[in-house]
Amino acid sequence: MTYQQPFNSVEKELISRADFCIKPYLQRSNARAFWQIISTILPIAVLWLVVAEIGHSPLYFLQKALALFPLLGLLALFSSRAFSLMHDCGHGSLFRSFWLNRTIGFLLGVVNAIPQHPWSRDHAFHHRHNGNWEIYRGPIDVLSLEEYQALTKPRKLLYVISRHWLMLFPGGFYYLIIKPRVTLILTLTDFIWSIAKAILNGLLTMNFSKISSLSIRLRSHNSGYGNTFGEQFDLVANNIAVIICWLLMSQWLGTGLFWSCYSVVMTASAAIFICLFFVQHNFKDSYASCTEDWDLLLGALEGSSNLRLPRWMDWFFADISFHSLHHVCDRIPNYHLRACQLENQHLLKNAMTLSLVDIPSCFGYILWNSKSQKLTTIREAQKISQLSNSL
């Protein structure tokens, strides 16, 4: 783990966002963006064609499984790249046009089976509050130390198990495949039931604004998908498009072959980008302030880690490994991030840099100590609890 001490008080006063050379790297290129899309979607299509050929071949089951395994691994990586490009569209940084970002972002959301517009708005909330752990608790809803200590032993155990790195896989499947569909089903069921009750109880006694408000229903299911009409529309449109694609793919490949391969690909892809997101914010000495002391720039520089990855992995993740700079300015297109990082590396010298071997240790930091304003581990929390009990 490469780490320098956080910025001292003098450096905090001297470093400001204006010190960064960013403007030359804000220029977006439709040509480069379209090439990134083509070089991502075309291989996905080709790989699925090869999957179909192998799946329909006379090979034995074990032979098919061995032949499909590397293809599914590649599909997971390309799906992760599609998600990274969808992420750029959400920031409006991939294409020059707002509508191109919205349209291509929606299509990439269909590829990833997730409503892109609601996701990007939620992600923008993360950028606005990164490092303020009083407001934003990360992708796994980290508890504060006080909240954890107030839990019963069974609930503490459940919390630890549910935040274990192995839960990336079932959690990833739920995040992409199940949650958007269940949210829509619950919302529509609630909506239809409200109308039925209105008819039974008499229309005049019902509040039609509440009956017709999908936003209220979406929020009541804690989906994060219903804050605006645009989010509601994207949720419905995404579900329709995704389900149509599922039906067509099932008809083409066969239901068993498609779902066995698709489930593996989407689970692995989701696990990859959730893992990346987690370790880029949950690590030793990550900036974890309360609202009163929070600073946006420090949240970007000290609350985001950079990853030292092989170049081929950076390609699949669209250079999101340069994460501190991405948080300094999220409008920098991914195809300029590397050059911008080199230009500003003297200002990023104190940011955390992680390599692949450092990633497992990050999964221990699943508690926020609001008193010390640091992320902490379960073991450290137990020591604190024992110390306070002995006093």
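The values are calculated or read from the model by the stated rules, or taken from the named source; none is laboratory data. Since the model is a prediction, treat every value here as computed from it, not as a measurement. Every residue, glycine among them, receives a Cβ derived from its backbone with ideal geometry; neighbour counts consider all protein chains shown.
Structure above, values below:
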{"read-out": "Subset of the stretch 339-389 [within 19 Å of residue 167 (Cα to Cα), in contact with a strand residue (DSSP E or B) (Cβ under 6 Å, 6 or more places away or on another chain) and not in a loop (DSSP other than H, G, I, E, B)]", "value": "367"}
{"read-out": "All positions within the stretch 339-357 that are touching a helix residue (DSSP H, G or I) at 6+ places or on another chain (Cβ under 8 Å) and over 27 Å from residue 32 (Cβ atoms)", "value": "350, 352, 354"}
{"read-out": "Wholly enclosed helices (runs of 4 or more DSSP H) of the stretch 119-232 bearing at least 2 residues surrounded by fewer than 16 Cβ atoms within 10 Å (Cβ to Cβ) and at pLDDT 80 or above", "value": "145-149, 153-162, 168-173, 179-201"}
{"read-out": "Some residue of the stretch 1-13 being at pLDDT below 95 and among the aliphatic types (A, V, I, L, M)", "value": "yes"}
{"read-out": "Failed item in (1) buried (at least 20 other Cβ atoms within 10 Å of the Cβ); (2) touching a strand residue (DSSP E or B) at 6+ places or on another chain (Cβ under 8 Å), with residue 270 passing the rest", "value": "(2)"}
{"read-out": "Residues satisfying the stated conditions in the stretch 308-338, i.e. over 22 Å from residue 35 (Cβ atoms) and part of a loop (DSSP other than H, G, I, E, B)", "value": "329"}
{"read-out": "Any pair with Cβ under 7 angstrom, 6 or more apart, that starts in the stretch 162-190 at a residue that is in contact (Cβ under 8 Å) with a residue 24 or more places away in the chain and farther than 13 Å from residue 272 by Cβ and ends at one that is outside any helix (DSSP H, G or I) and of a type in the set (Val, Ile, Thr)", "value": "163/140; 163/366; 180/114"}
{"read-out": "Test: residue in the stretch 59-75 that is over 26 Å from residue 273 (Cβ atoms) and aromatic (Phe, Trp, Tyr)", "value": "yes"}
